[in-house]
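Below is one structure, written out as structure tokens; the observations come after it.
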Amino acid sequence: MEFLIKLILALLVLFYASLLDWRYREINDASWLALVFMGIVFIAVDIARTGVTTPLLYFMISVGVTSALMLALSYSNLLGGGDAKIFIGIAALFPYYHREVTTVFPIFALSVFANAIMLSLALPVYFFLRNLPHLKRVRSAKEFYALFLGYKKNASEIKPYEAVYGDGKSFTFILRTDAELGKVEGEGEVWVTPAVPFVIPITLGVLLSALYGDIISAVILFLRGS
């Protein structure tokens, strides 16, 4: 029952954060702080009920390891600050696995992170299918790779949530979290990619990790068994 309550609360907070990120491309601190606060409450209740302080050790390890990794990614501009804090909140609320799942990660938040990354890879597949009409005009490996990152549109029609990564002659394949959105110099067609809120795959990743495990571990175990 405690696991179910945690999962429902986490999904409610993450759904709220997803809406904020979708509308404003920003997550308020209340979202991740709510997860941390609930995690502290659950740990305190566990210790008071059982008299065992082991859950506190799990809490400290989970939050410590996750914070170190997420802050490093955030400072490298490979992960948004709001997303990094959300992972810290998840680490606080779920300091250990509440049931047996398919995973090779010792920390629940890392399993969620792996799932979020894998779920995000569905977008390149969608982009490639959308760009199939452009396939016959591909003349280089760079142009082929560009088909997986986004789509072409007129520079004057770029939306506030889209970032430019190519103009047909040169491409920027590593888009950092500080990339400018909705801005482009010049005219004509450019290649753009939508800044889809990462908190959405994070939310789906929590549900998947809690009920099943993570995709990467499932693939690894499958390959080992084959």
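The values are calculated or read from the model by the stated rules, or taken from the named source; none is laboratory data. In this text the structure is predicted, and so the values were computed from the model without any measurement. Please note: Cβ atoms are built from the backbone with ideal geometry, for glycine as well, and neighbour counts cover all protein chains shown.
Restricted to region 30-57, and to residues there that are of a type outside the set (S, T, N, Q) and not in a helix (DSSP H, G or I), the residue that is farthest from the chain's Cα centre (by Cα) is Gly51. Tallying residues that are crowded, with 17+ Cβ neighbours inside 10 Å, assigned to a loop (DSSP other than H, G, I, E, B) and either within 13 Å of the chain's Cα centre (by Cα) or at pLDDT 75 or above (or both) within region 168-212 yields 4. Given the structure, is Phe37 surrounded by fewer than 18 Cβ atoms within 10 Å (Cβ to Cβ), without any contact (Cβ under 8 Å) to a residue 12 or more places away in the chain, more than 22 Å from Phe198 (Cβ to Cβ) and of a type outside the set (A, V, I, L, M)? So Phe37 fits the description; yes.
The condition (being surrounded by 13 or more Cβ atoms within 10 Å (Cβ to Cβ), out of contact with any Ser or Thr (no Cβ under 7 Å at 6 or more places or on another chain), in a loop (DSSP other than H, G, I, E, B) and on the phi < 0 side of the Ramachandran plot) is satisfied by just one residue among Ile61, Ile27: Ile27. In contact (Cβ under 8 Å) with a residue 24 or more places away in the chain and not in a helix (DSSP H, G or I): is that true of Leu78 in this structure? Yes: the conditions hold for Leu78. Checking each residue in region 135-148 for being free of Cβ contacts under 8 Å to residues at least 40 places away in the same chain, in a helix (DSSP H, G or I) and surrounded by 16 or more Cβ atoms within 10 Å (Cβ to Cβ) picks out only Glu143.
Name the residues in region 101-122 that are within 20 Å of Phe42 (Cβ to Cβ) and either among the aliphatic types (A, V, I, L, M) or surrounded by fewer than 24 Cβ atoms within 10 Å (Cβ to Cβ) (or both), would you? Explain how you work it out, then say what you get.
So in region 101-122, the residues within 20 Å of Phe42 (Cβ to Cβ) come out as 101, 106-112.
Answer for region 101-122, where residues must be within 20 Å of Phe42 (Cβ to Cβ) and either among the aliphatic types (A, V, I, L, M) or surrounded by fewer than 24 Cβ atoms within 10 Å (Cβ to Cβ) (or both): Val101, Pro106, Ile107, Ala109, Leu110, Val112.
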